[in-house]
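Laboratory data are not the source of any read-out in this text; all were calculated from the coordinates shown. Note that the coordinates shown come from a computational prediction; the quantities given were computed from them, not determined experimentally. When we count neighbours, we look across all protein chains shown, and the Cβ atoms used for this are built from the backbone with ideal geometry, even at glycine.
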Amino acid sequence: MSNKVIIEVRINEYAMRDHNPHVPYSPEEIAGQALECWREGASIIHYHARDPKTGAPASDPKLYADTVRRIKDKSDLITMPTLGAWWMPSPEARIAHIVEMAKDPQTKPEFGPIDMATSNVDTYDPTTKRYTTNETVYLNTTKTWQYFAETMNSVGVKPMPAIWAVPSIRATQAFVEMGLFKEPLYCELILTENWLLSGHPGTVKGMEAFVDFLQDKPKWQWSVMCVGGNLLPIAAAAIERGGHISIGLGDYAYPELELPTNARLVARIAQIAREMGREIATPAEARQMLGLTK
Ligand code: ZN
């Protein structure tokens, strides 16, 4: 098995430009930046559809599809749109754009994320020491997980379990046993900082707490991300432990690097990995490592 580092760019999430002016909103902007990131070594792009002008969250399958078409036109990047946001009315609505895009080879996503947790996602303000709504829960029943996994499998999109805490690893293992997730797996370890407290802390220790429970799972390729904080202090430790990196302006604005572009973040990770003796996986190599067939 290759030990190359897979770099995923988490290009926009629901981040706004008041924190970093480079956050892409429109399909054209997202695809343009995805291609820049691909040239710097990214092999997977994760994106959210946004209103092209205001940046408001959008769910129109056309925006999702237009983005992929532009990316596939010029690159062999692996695409992973978000699953519809948690506030959407039903599981069917949350996955509708993935099912729609899967009908056309030109827009078909290769991965779809499934958050293997139910969590308090009410944001916390460390300055005022207050939560925002006092009741925001991101609900994912085991029935919903099964529905998402079965639907993705049926349209040829590979589920990507997002690991919020150690119990997510146990649920993911159950899904492997149930035949709903197929190894080799690609999974993401979620660290959170500042306003979101529902992942492990954004520290090497927070990451290690996950990795301790992955030692007996050689067929799981794991990548680490950090919502709300700087991933760079953790990246070297992840690379050293055999992990992969998911980074981007969607998660954090990176004032430490003077508000860089997504491509600059990818280039930085590629440089760190190479300096540590691990080469960067191309999309074709990542497909092989992650069990994707083209
Ligand atoms: Zn996302």
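Observations on the structure shown:
- Bridge type composition, the chain - antiparallel percent by DSSP, nearest 5: 15
- Among Asn12, Asn262, Asn134, the largest mean-square fluctuation in a Gaussian network model of the chain (Cα springs under 10 Å) belongs to Asn134.
- Amide hydrogen neighbours beyond the local backbone of Asp115, cut-off 5 Å, H modeled: Ala162
- Gain in span if fully extended, Lys143 to Glu279, counting 0.36 nm per residue against the direct Cα distance: 45.0 nm
- FRET E, pair Ser90, Leu292, Förster distance 25 Å, beta-carbon r, rounded to 0.05: 0.30
- Computed label-point distance, nm, for sites Ser2 and Thr123 using a 7 Å Cα→Cβ extension: 3.7
- Along its principal axes, the stretch 87-169 has C-alpha extents of 49, 24, 20 angstrom, given from the largest down.
- Dipole moment magnitude, nearest 20 debye, the chain about Cα centre, only Lys, Arg, Asp, Glu C-beta charged: 460
- All lysines inside 21 Å of Lys74 as judged from Cα atoms, apart from same-chain residues fewer than 8 positions distant: Lys62, Lys103, Lys108, Lys294
- Kirkwood's formula applied to the C-alpha pairs of the stretch 46-143 gives a hydrodynamic radius of 15.2 angstrom.
- Cα-based values for the stretch 135-284, radius of gyration first and Dmax second, are 16.0, 46 Å.
- For the stretch 13-60, the normalised intensity computed at q = 0.15, 0.17, 0.27 Å⁻¹ comes to -0.38, -0.48, -1.05 (log10 of I(q)/I(0), Debye sum over alpha carbons, equal scatterers, no solvent).
- Both radii are taken from the alpha-carbon atoms of the chain; with Rh as the Kirkwood radius, Rg/Rh is 0.92.
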